[in-house]
Structures are given as structure tokens and as C-alpha cells.
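Read through the structure below, which is laid out as C-alpha cells, and then see the notes.
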Amino acid sequence: MAERTIHSPVGDLRITETDGAITALHWGQGAMDATPLLLEAEAQLSAYFDREREAFDLPLNVVGSDFQRAVCDAMRAIPYGYTRTYGEIARDLSVPAQAVGQACGGNPIPIIIPCHRVMGAKGLTGFSGAGGVETKVLLLRLEGAASLLI
């Protein structure tokens, strides 16, 4: 396992690599390992925050249940600048919306797997990353989805 801390507009982010795949992104500081994959993840995140990248092209390994992976796949399918609701994802997966909400909250690789693009039926909901809803709003504004927040 290796990890790298990067500075971002939403605070310090600690990216973890395990066996050649990104397995976690957390807020806070950690090691400054410099594997090729961690350096690429840093470059892609920097480009994202600079509005030069809309999608990530990194090997990911979501450690969790089949359901957690299915919800993460559904979140990864949401295009940059767009949102979906928990209910829409739940309908696609034939599960309750509350289960989708719990899986979104358990997303091990936020931002790269864009759980910030998932909204409640009546609009803005929480965010499990540091800064909560304020961070979610910042990410959605960065992507030009601010009109969806009204």
C-alpha cells in the first residue's frame, strides 16, 4: 500500500494505492509516496480542479460488497456537470433509495467516483467528505452544475 497527499480547493486529499489500483481517497494528510499511479492520480485530480479534465482514467478497486460496487459503477456513469437522484439509481438497480444513499455515503473513493453528483428527490443532500454539503456544492459549481442547486 502506498499513499500520497495532494493539496486541493477542498482541502488536503490522501490518495491510497493498493496492488496497482486506487482504493481510497480521504481528507487529510498522509505519506508522500511517488508511485507512477499516485503521481498520475495527482495530475488528474489537479487537472479536474483546474477545469481541464472532466473524467478520470485511473484503475480503481472498490473494496466492498457487490452492491457497493454496483452503486459506485452507477455514480461513475453520471457525466461531468450532471446529477442523478438516489431514487433514479435505486430504480435502475431495483433497490430502495435509502440503500443507495448508504452506499453513496460509503463510497471509498469520493470525487474520482463522483458521489457529489447524487442528489435527493427534493434537491441537495449531505456529503460524506470533509466540509459536508459545502464541499458538495463547491464540486458541483466547479462542474457547472450550480443551476441544479437552486
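The values are calculated or read from the model by the stated rules, or taken from the named source; none is laboratory data. Source: prediction; values computed, not measured. All Cβ positions, glycine included, derive from the backbone under ideal geometry; neighbour counts span all protein chains shown. These area figures cover heavy atoms from the full protein model, side chains too; ligands, DNA and RNA do not enter into them. Shrake-Rupley method; radii C 1.70, N 1.55, O 1.52, S 1.80 Å.
What single numbered condition from (1) open to solvent by less than 30 Å² (accessible area, probe 1.4 Å); (2) within 17 Å of Ala24 (Cα to Cα); (3) touching a strand residue (DSSP E or B) at 6+ places or on another chain (Cβ under 9 Å) fails to hold for Gln44?
(3)
So which residues in segment 107-131 are in a loop (DSSP other than H, G, I, E, B) and at pLDDT 95 or above, if there are any at all?
Asn107, Pro108, Ile109, Ile111, Ile112, Pro114
For residues that are free of Cβ contacts under 8 Å to residues at least 40 places away in the same chain and β-branched (Val, Ile, Thr), scanning just segment 87-120, find the one that is nearest to Glu54 (Cα to Cα).
If we take residues in segment 87-120 being free of Cβ contacts under 8 Å to residues at least 40 places away in the same chain and β-branched (Val, Ile, Thr), then Ile89 is nearest to Glu54 (Cα to Cα).
I'd like to know if segment 121-131 contains one or more residues that are of a type outside the set (A, V, I, L, M, F, W, C) and buried (at least 20 other Cβ atoms within 10 Å of the Cβ).
Within segment 121-131, one or more residues are of a type outside the set (A, V, I, L, M, F, W, C) and buried (at least 20 other Cβ atoms within 10 Å of the Cβ).
Under 7 Å between Cβ atoms, which residue pairs at least 6 apart in sequence (or on different chains) link something in segment 128-145 that is in contact (Cβ under 8 Å) with a residue 12 or more places away in the chain with a partner that is open to solvent by 60 Å² or more (accessible area, probe 1.4 Å) and of a type in the set (D, E, K, R)?
Leu142/Arg51
Tell me, yes or no, whether segment 66-88 has at least one residue that is open to solvent by less than 40 Å² (accessible area, probe 1.4 Å) and at positive phi.
There is at least one residue in segment 66-88 that is open to solvent by less than 40 Å² (accessible area, probe 1.4 Å) and at positive phi.
Among the residues of segment 45-75, which ones are under 16 Å from Val10 (Cβ atoms), assigned to a helix (DSSP H, G or I) and free of Cβ contacts under 8 Å to residues at least 40 places away in the same chain?
Result: Ala47, single match.
Quick check on segment 1-35: of everything there that is touching a Phe, Trp or Tyr at 6+ places or on another chain (Cβ under 7 Å) and not in a strand (DSSP E or B), which residue is most open to solvent (accessible area, probe 1.4 Å)?
Filtering first and then ranking leaves Pro9.
Looking for whichever is farther than 16 Å from Thr16 by Cα, of a type in the set (Lys, Arg) and open to solvent by 60 Å² or more (accessible area, probe 1.4 Å) here; the options are Arg91, Arg117. Which one fits?
Arg91
How many of the residues in segment 94-104 are open to solvent by less than 40 Å² (accessible area, probe 1.4 Å) and hydroxyl-bearing (Ser, Thr, Tyr)?
The qualifying residues number 0.
I want to confirm something. Restricting to segment 47-65 and keeping residues that are open to solvent by less than 50 Å² (accessible area, probe 1.4 Å) and over 13 Å from Ala21 (Cβ atoms), which single residue is modelled with the lowest pLDDT?
Across segment 47-65, the extreme among qualifying residues is Gly64.
For segment 132-150, enumerate the residues that are in a loop (DSSP other than H, G, I, E, B) and open to solvent by 20 Å² or more (accessible area, probe 1.4 Å).
Gly144, Ile150
Which number in (1) outside any helix (DSSP H, G or I); (2) touching a Cys at 6+ places or on another chain (Cβ under 9 Å); (3) of a type in the set (Val, Ile, Thr) marks the one condition that Ile78 misses?
(2)
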